[in-house]
1. Using amide H atoms built in the peptide plane, which far-off residues or other-chain residues are under 5 Å from Thr124 H to H?
2. Using a probe of 1.4 angstrom, how much of the accessible area of the stretch 1-150 is carbon and sulfur, in percent?
3. Spin-label point model (7 Å from Cα, Cβ direction): what's the Leu123 to Cys9 distance in nm?
4. With a cut-off of at most 12 other beta carbons within 10 Å, and DSSP calling the residue loop, which GluC sites (Glu not before Pro) in the stretch 1-58 qualify? Please list them.
5. What FRET efficiency would be calculated for the residue pair Gln45, Glu24, taking the C-beta separation as r and a Förster radius of 30 Å, to the nearest 0.05?
6. Per-residue HN-Hα couplings for the stretch 67-73, Karplus 6.51 cos²θ - 1.76 cosθ + 1.60 at θ = phi - 60°, whole Hz, x for Gly and Pro?
7. Leaving out ligands and nucleic acids, note down the accessible area per residue over the stretch 1-100 with a 1.4 angstrom probe, in whole Å².
8. Quote the relative contact order of the stretch 59-139 in percent (integer), defining contacts as alpha-carbon pairs under 8 Å separated by 6+ residues.
Amino acid sequence: MQQTAEDICGGNLDTKVPVAGPYEIGKLAESINKMVEGLRSQIQQVNEHRNQLETIFGNMTEGVVALGREERIVSINRAAAQILGLEGKSVEGKAIQEMIRDTKLQKFISKVYHSQAALEIELTLEVRNEERIIRACLKIEKGNLWHQRWIPSRRLRPVRTGKTPQAFTWC
């Protein structure tokens, strides 16, 4: 029973405690087996829910970037990666300041972090030698997770003569 319990603690939920021995030991084994079955069911539900959310997140036309406490990218969807000229999932875990080198945006993120309020800004980012107008709205939710949404803007305005920038909204 001890080895089976250690296997379960190690993450092996496919094992069962043999139900044998004195009455109390048998009941304990049954309880452990029920607990393992409950854990397996809950993990399956969590995985299904996560997969659903990843599908929705990945297929959104709005760009979404979630940052953690240290302003590191926790998650980024395909639309945001395209808008920002980033390489999708490969940027997860990296600081947003490493990925988007823009002083104005960095100061804005810091301001939102310290104010704990939802704030908006419009700025121009250079992405792969193109200027893009970004409208950004940032907020902190559930204490430490930042949600940033990037959506195409209906408002285009030329930034440089002879060039039409791409405009995006982040809000």
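1. Correct list: Ile134.
2. Working: 4760 of 9370 Å².
Answer for the stretch 1-150 is 51 percent, counting heavy atoms of protein chains only.
3. Roughly 5.0 nm, to one decimal.
4. On the way: sites: Glu6, Glu24, Glu30, Glu37, Glu48, Glu54; in loops: none.
Those that pass, being in a loop and sparsely packed, number zero.
5. On the way: r = 32 Å, r/R0 = 1.05.
Working from the Cβ atoms, E equals 0.40.
6. Values, residue by residue: 10, x, 3, 8, 6, 9, 6 Hz.
7. Values: 6440 Å² over 100 residues.
That works out to 64 Å² per residue.
8. Working: 109 pairs, mean separation 15.8, N = 81.
Across the stretch 59-139, relative contact order equals 20 percent.
The values are calculated or read from the model by the stated rules, or taken from the named source; none is laboratory data. If you're wondering where the values come from, they're calculated on a predicted model, not measured in any experiment. Note that we place each Cβ from the backbone using ideal geometry, even for glycine, and neighbour counts take in every protein chain shown. In case anyone asks, the SASA skips ligands and DNA or RNA and just uses the protein heavy atoms, side chains included. Shrake-Rupley method; radii C 1.70, N 1.55, O 1.52, S 1.80 Å.
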